[in-house]
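**Student:** Okay, here's the structure, questions in a sec.
The values are calculated or read from the model by the stated rules, or taken from the named source; none is laboratory data. Just so we're clear, the structure is a prediction, and the values are computed from it rather than from any experiment. Reconstructed Cβ throughout: ideal geometry from the backbone, glycine too, with neighbour counts over all protein chains shown. Remember, those area values only see protein heavy atoms, side chains included, never the ligands or the DNA or RNA. Shrake-Rupley method; radii C 1.70, N 1.55, O 1.52, S 1.80 Å.
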Amino acid sequence: MREHLGYFVLGYAVLLLLFSVFVQTKVGDLLDAMNQHKQQFGLTSAVPDWYFVFALSRCRYAPARALYRTTEPPLEVAQAFPNYKQLRYLGCAAWFAHIGLGILILLVFILLRVLPQ
């Protein structure tokens with residue numbers, strides 16, 4: 001079982017990468033709108049391009065937390081994105097999946113230390 005845990009983590013990471021690219025293509029325009037309305041979303045800095053693929057992997061969670069906290073967007077954003085709740089759900093799912101990868105890596109490390117050789 002020990003030799004399969006690494007493949008499990010690697011498979012999860014590859015699926016997370018593919019899901020992150022999918023989410024980025026769907027939510028990219030919303031992230032641009034968040035850049036234009038930073039104050040309403042509670043952001044202090046701009047959201048980088050390809051946020052879900054590159055910046056999220058560096059644990060820059062501020063835009064994802066802003067999406068999570070903002071259940072009702074500013075009026076301009078709500079008019080531009082009538083499917084805001086779906087986009088918010090996708091963004092939060094990618095964030096939680098990334099946190100899940102960290103937890104999985106930690107659990108595998110602990111299991112490898114605990115399980116007998």
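**Student:** Select, from ARG65, ARG88, ARG113, the only residue that is open to solvent by 60 Å² or more (accessible area, probe 1.4 Å), within 28 Å of LYS38 (Cβ to Cβ) and either in a helix (DSSP H, G or I) or hydrophobic (A, V, I, L, M, F, W, C) (or both).
**Tutor:** Matching residue, one of ARG65, ARG88, ARG113: ARG65.
**Student:** Starting from segment 73-100, take each residue that is hydroxyl-bearing (Ser, Thr, Tyr) and list its partners that are part of a helix (DSSP H, G or I), counting only C-beta distances under 9 angstrom and pairs at least six apart or across chains.
**Tutor:** TYR84/LEU30; TYR84/VAL77; TYR84/ALA78
**Student:** A further question on this structure: Going through segment 68-85 one residue at a time, which ones are part of a helix (DSSP H, G or I) and under 14 Å from MET34 (Cβ atoms)?
**Tutor:** Residues satisfying the conditions are TYR68, ARG69, GLU76, VAL77, ALA78, ALA80, TYR84.
**Student:** Next question, about the same structure. Can you work out which of the residues in segment 6-35 that are in contact with a helix residue (DSSP H, G or I) (Cβ under 7 Å, 6 or more places away or on another chain) and farther than 18 Å from ILE99 by Cα is most open to solvent (accessible area, probe 1.4 Å)?
**Tutor:** Per the stated criteria, the residue is LYS26.
**Student:** Out of segment 36-62, which residues are open to solvent by 70 Å² or more (accessible area, probe 1.4 Å), of a type in the set (Phe, Trp, Tyr) and part of a loop (DSSP other than H, G, I, E, B)?
**Tutor:** TRP50
**Student:** Quick one: what pairs do we get from segment 1-29, first residue under 16 Å from TRP95 (Cβ atoms), second not in a helix (DSSP H, G or I), C-beta under 7 Å, 6+ apart or different chains?
**Tutor:** These pairs meet every condition: GLN24/TRP50.
**Student:** Could you tell me whether any residue of segment 18-33 is under 30 Å from MET1 (Cα atoms), part of a helix (DSSP H, G or I) and not hydrophobic (A, V, I, L, M, F, W, C)?
**Tutor:** yes
**Student:** I'd like the full set of residues that are over 16 Å from PHE81 (Cβ atoms) and among the acidic types (Asp, Glu), limited to segment 19-55.
**Tutor:** ASP49
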